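Chemist: The structure under discussion is supplied below as structure tokens; questions concerning it will follow.
The numbers here are math on the coordinates, done by the rules we state, and not lab data. As the structure is a prediction and not an experimental result, all values here were calculated from the model. Positions of Cβ are backbone-derived with ideal geometry, glycine not excepted, and every protein chain shown enters the neighbour counts.
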Amino acid sequence: MVSETDQKDITGTTLLTLGARHWCISHKQFWITEPKCKTKVYPDELPNTSVVIVFHNEAWSTLLRTVYSVINRSPHYLLSEIILVDDASERDFLKMTLENYVKNLEVPVKIIRMEQRSGLIRARLRGAAASKGQVITFLDAHCECTLGWLEPLLARIKENRKTVVCPIIDLISDDNFEYTAGSDMTYGGFNWKLNFRWYPVPQREMDRRKGDRTLPVRTPTMAGGLFSIDRNYFEEIGAYDAGMDIWGGENLEMSFRIWQCGGSLEIVTCSHVGHVFRKATPYTFPGGTGHVINKNNRRLAEVWMDEFKDFFYIISPGVVKVDYGDVSVRKALRENLKCKPFSWYLENIYPDSQIPRRYYSLGEIRNVETNQCLDNMGRKDNEKVGMFNCHGMGGNQVFSYTAEKEIRTDDFCLDVSRLSGPVIMLKCHHMRGNQLWEYDAEKLTLRHINSNQCLDEPSEDDKMVPTMKDCNGSRSQQWLLRNMTLSA
Ligand code: UDP
Ligand code: MN
């Protein structure tokens with residue numbers, strides 16, 4: 001099983017090189033799926049797919065493992081071709097060695113070279129343009145498809161060509177390649193910083209599927225690396241934003257666009273593909289990681305998020321200085337496709353979003369007596385919320401008082417579970433309970449509904465944290481909410 005040519009990848013990890021001869025893992029072991037999926041029958045007549053894999057300086061073994069798993073675990077009549085797009089890698093073995101190697105494979109493998117480092121977005125656009133299959137399936141260059149991965153994806157697209165489908169992404173350890181099945185109980189979301197995050201599938205989606213775990217999950221966003229899309233639909237819906245560089249933001253951009261412009265995005269729970277999750281990015285970001293990601297995210301926010309972009313800008317105020325180039329072409333696309341507003345998306349597709357669709361205030365929460373502001377001090381989960389001089393720079397001093405009566409910053413809500421406090425930041429749970437507050441716009445009080453006590457200034461013992469006291473009308477219990485409006 002283990003080859004003679006181990007090599008180091010650029011993170012310094014030793015990787016084992018798997019070639020065809022070494023491919024002896026039993027198929028049975030790779031039926032990683034919900035038992036009921038095994039008896040599902042798919043039509044014989046399915047659209048075929050091109051598999052597009054982009055890479056920059058990928059390790060040999062992981063790249064070849066991806067290619068071999070596609071070849072070994074897909075019915076060949078469904079594979080139009082495999083397209084490898086080399087995003088200007090510098091490693092020698094990815095040049096002629098790779099080219100010669102793939103000539104002998106059972107499925108046509110085309111290699112396309114980017115002239116210069118372009119990033120995964122433009123590399124995928126190039127691969128898509130060269131593809132011939134009815135469907136395009138994008139994979140990262142360090143994946144492992146499991147037996148039966150492809151049919152469920154293609155069958156869903158055959159049912160509805162405007163459905164963009166993702167497999168369940170299984171976890172391959174970047175320490176030892178241990179393989180762990182991904183969950184069908186999580187789906188894609190994002191936070192105020194526009195980071196993609198996995199969240200539990202909410203009850204409403206479970207109910208819609210009537211408990212049948214073989215049915216696809218409608219997901220607000222996708223992780224981005226692994227998905228299939230009808231090739232013509234990919235074009236119609238605007239492919240990718242070619243103004244985005246290197247990595248980042250493109251997955252949310254595509255997710256918002258698909259939903260807002262009349263398509264749907266699903267996780268097909270009977271399809272599993274493994275992905276090596278890496279702790280650190282093994283390649284450079286020309287121009288700086290932060291700059292690149294902020295630029296991409298600004299393009300995403302400016303084109304798709306309408307007024308809700310404020311949540312992104314206020315929690316990361318430095319971002320507004322980043323030049324994001326010209327987005328007029330993308331705005332015209334949105335116009336032409338007659339896409340719905342972001343508020344529609346939040347209401348109908350992602351009601352459990354971290355960004356509230358309806359809210360009273362967004363900004364600092366200032367105490368009238370001390371003139372200081374609530375501040376999460378960069379600490380969050382399960383830690384006390386702090387008080388600090390108001391700096392007006394957003395970030396840690398941004399809170400939103402929502403129509404659901406939470407006081408939240410990103411994923412975290414002000415929570416009080418005992419009489420007289422403390423006031424902590426806890427993951428918002430939407431179960432009401434200890435996370436509900438009543439703001440009285442005349443008395444300026446923030447009353448915690450469960451305990452019926454009011455948020456108060458810090459005590460002498462600890463000047464850095466607010467307290468909870470019986471409501472008494474004192475100035476120390478008065479708070480000004482920034483950008484307060486009386487209707488949500
Ligand atoms: N990639 C690329 N050019 C880049 C950055 C990334 O071709 O400038 C490729 C990378 O090799 C991988 C895919 O894009 O196949 C996704 O990147 P990565 O796996 O680093 O993203 P992650 O899985 O960490 O989100
Ligand atoms: Mn990856």
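Chemist: Hand me the trypsin sites (Lys or Arg not before Pro) from segment 308-363 located in a DSSP loop with no more than 16 other Cβ atoms within 10 Å, in residue order please.
Modeler: Counting only loop positions with at most 16 other Cβ atoms within 10 Å, the trypsin sites (Lys or Arg not before Pro) in segment 308-363 are Lys338, Arg358.
Chemist: Cα centroids of segment 70-113 and segment 226-287: how far apart, whole angstrom?
Modeler: Spelled out, the Cα-based centre of one part sits 21 Å from the other.
Chemist: A further question follows. Pop a pseudo-label 7 angstrom from the Cα along the beta-carbon direction at both His430 and Glu460 and give the gap in nm to one decimal.
Modeler: 4.6
Chemist: Size of the chain along its principal axes in angstrom, Cα-based, largest extent first?
Modeler: Sorted from largest, the Cα extents of the chain read 81, 48, 48 Å.
Chemist: What's the Cα-based Rg to Rh of segment 369-412, Rh via Kirkwood?
Modeler: Value, to two decimals: 0.96.
Chemist: Let me ask something else. Select from segment 137-198 those GluC sites (Glu not before Pro) which occupy a DSSP coil region and have at most 14 other Cβ atoms within 10 Å, ordered by residue number.
Modeler: For GluC sites (Glu not before Pro) across segment 137-198 that sit outside H, G, I, E and B with at most 14 neighbouring Cβ atoms in 10 Å, the list reads Glu178.
Chemist: Just in segment 123-221: which chymotrypsin sites (Phe, Trp or Tyr not before Pro) are loop by DSSP and have at most 15 other Cβ atoms within 10 Å?
Modeler: none
Chemist: Give me the number: length gained by fully extending Glu302 to Asn336, i.e. 0.36 nm times residue separation minus the C-alpha to C-alpha distance, one decimal in nm.
Modeler: 10.6 nm
Chemist: Hey, which of these cross-link pairs are over 32 Å Cα-Cα: Lys36/Lys110; Lys158/Lys210; Lys40/Lys95; Lys38/Lys132; Lys210/Lys309?
Modeler: Lys36/Lys110; Lys40/Lys95; Lys210/Lys309
Chemist: Against the empirical 2.2 N^0.38 Å scaling, what ratio does the C-alpha Rg of segment 406-488 come to?
Modeler: 1.05
Chemist: Starting from the Cα gyration tensor of segment 178-314, take the square roots of the eigenvalues, sort them a ≥ b ≥ c, and report rounded, prolate or oblate (rounded when a/c is under 1.5, otherwise prolate if a/b is larger than b/c, else oblate).
Modeler: prolate
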